[in-house]
Amino acid sequence: MKIISSPLELKEYLKGENNSIGFQGSKSIGFVPTMGALHQGHISLIKKAKEQNELVVVSIFLNPTQFLKGEDLDKYPKKDEADKKICKLSGVDVLFFPHVEDIYGTDEVTLSAPNVRGYVLEGNSRPSHFNGVLTVVMKLLNIVTPTRAYFGKKDAQQLNLISLMVKQLFMNTQIVPVDTVRESDGLALSSRNVYLSSKERVEALKVSSSLRAASSMVGKNILDSKEIVKEMRKSLGDLEIFYVEVLNLDFEQLLHVEIGNTIILVEVRVGTTRLLDNIWL
Ligand code: PAF
């Protein structure tokens, strides 16, 4: 596995890889952008990228611009050596590991999240968060120019906004959504789960069980969004709830679940940790 920290060096390396295969076409590149602290969720993105592409690039970059003042940037879990091992064992071809100065200068050009979709749900409680996400993902996609880039469905709003950016800015990469990976008890994997105490971890299970309750209502043909949200709020008990929403794939509110076009999303705080989860129906 090649480890590269300079964007220009990575561009040159990938150009060389394409020239080395000796025909006019180019190698397909699968790209998995991450902020490190890799877990099985990231491994499933890498696995998908390996299945679908000839070359796999993973980036590890703790992007400061997507954290608001007072958020967990300084205490975000860092596991550089373990992450490198995971990438190597997962068959990653190139690990892009830039420093902040490699990605950002001063007096920066930045992207703005769209006024509606970028400022609801997580964007409502973290107003500049998605500007930072879109800006860094745009930079990373321009450096790697992948055929396909892989994002987890757990961060559904991020996935939606990145797909919208790629479409609206006429970019060439295909965005591939990948299913959420869960612990055997239902907890969705997240790098932030390490913040949970054992008591909080038990409380956190209410999130996935509220989604299971919603899914079982839909299974019984109860499709009314208000009823579903009411039941979910009941299952979440006394957790601090940021939102429980029934939306279509364009992130518009739905009065009724539409099978094949619905995401039910929930965000809560357990202790000091924000937890997001969702199901796609
Ligand atoms: O989902 C993440 O880990 C980050 O938001 C991403 C997409 C790597 C951008 O920093």
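The values are calculated or read from the model by the stated rules, or taken from the named source; none is laboratory data. This one's a predicted model, so the numbers in the text were calculated from it and none came from an experiment. Cβ: placed from backbone, ideal geometry, glycine included. Neighbour counts: every protein chain shown. For the accessible areas, the whole protein counts, side chains as well, though only heavy atoms, and no ligand, DNA or RNA atoms are used. Shrake-Rupley method; radii C 1.70, N 1.55, O 1.52, S 1.80 Å.
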note = Filtering trypsin sites (Lys or Arg not before Pro) in region 175-256 by DSSP loop and by at most 10 other Cβ atoms within 10 Å leaves LYS220
ask   = Of the heavy-atom accessible surface of the chain (probe 1.4 angstrom), what whole percent is carbon and sulfur?
value = 51 percent
request  = Please work out the average accessible area per residue across region 162-206, using the 1.4 Å probe convention, and give it in Å².
outcome  = 58 Å²
ask   = Counting Lys and Arg as +1 and Asp and Glu as -1, each charge on the Cβ, what is the dipole of region 129-220 about the Cα centre in debye, to the nearest 20?
value = 120 debye
request  = Report, in debye and to the nearest 20, how large the dipole of region 2-110 comes out about its Cα centre when Lys and Arg carry +1 and Asp and Glu carry -1 on their Cβ.
outcome  = 520 debye
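Under 8 Å for C-alpha pairs, at least 6 residues apart: give me the relative contact order for region 163-244, rounded to a whole percent.
On the way: 46 pairs, mean separation 16.9, N = 82.
The value is 21 percent.
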task = Would you check the accessible area of TYR119, probe 1.4 Å, heavy atoms only, in square angstrom rounded to 10?
result = 80 Å²
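Can you give the net charge of the other residues whose Cβ lies under 15 Å from the Cβ of LYS78, counting K and R as +1 and D and E as -1?
Values: positive: LYS75, LYS79, LYS84, LYS85, ARG192; negative: ASP72, ASP74, ASP80, GLU81, ASP83.
For residues surrounding LYS78, the net value is 0.
Between Rg and the Kirkwood Rh of region 113-242, both from Cα atoms, what is the Rg to Rh ratio? Kindly include the intermediate steps, with their values, before the conclusion.
Numbers: Rg = 17.2 Å, Rh = 16.9 Å.
With Rg and the Kirkwood Rh in hand, the quotient comes to 1.02.
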query = Assigning unit charges at the beta carbon (Lys, Arg +1; Asp, Glu -1) and nothing else, what dipole magnitude in debye, to the nearest 20, does the chain show about its Cα centre?
reply = 480 debye
task = Have a look at GLY70, GLY36, GLY91 and tell me which one the Gaussian network model of the chain (Cα, springs below 10 Å) gives the largest fluctuation.
result = GLY70
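Could you work out the relative contact order of the chain, using alpha carbon pairs under 8 angstrom and six or more residues apart, expressed as a whole percent? Present the calculation step by step, with values, prior to reporting the outcome.
Details: 466 pairs, mean separation 47.0, N = 281.
Computed over the chain, the figure is 17 percent.
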remark   = Calculated from DSSP helices alone, with each H run of at least 4 adding -39500 (n - 2.57) and the total divided by the residues of the chain, [θ]222 nm to the nearest 500 comes to -12000 deg cm²/dmol
ask   = Once the principal axes of the Cα atoms of the chain are found, what is the range along each, listed largest first in whole angstroms?
value = 59, 40, 37
ask   = Given LYS154/LYS230; LYS15/LYS84; LYS75/LYS199; LYS84/LYS206, which pairs have Cα atoms separated by over 25 Å?
value = LYS84/LYS206
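Just add up the charged neighbours of VAL94: K/R +1, D/E -1, any other residue whose Cβ is under 10 Å from the Cβ of VAL94.
Working: positive: LYS2; negative: GLU17, ASP93.
Local net charge: -1.
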query = If Lys and Arg each add +1 and Asp and Glu each add -1, what is the summed charge of the other residues whose beta carbon sits under 10 Å from the beta carbon of LEU164?
reply = +1
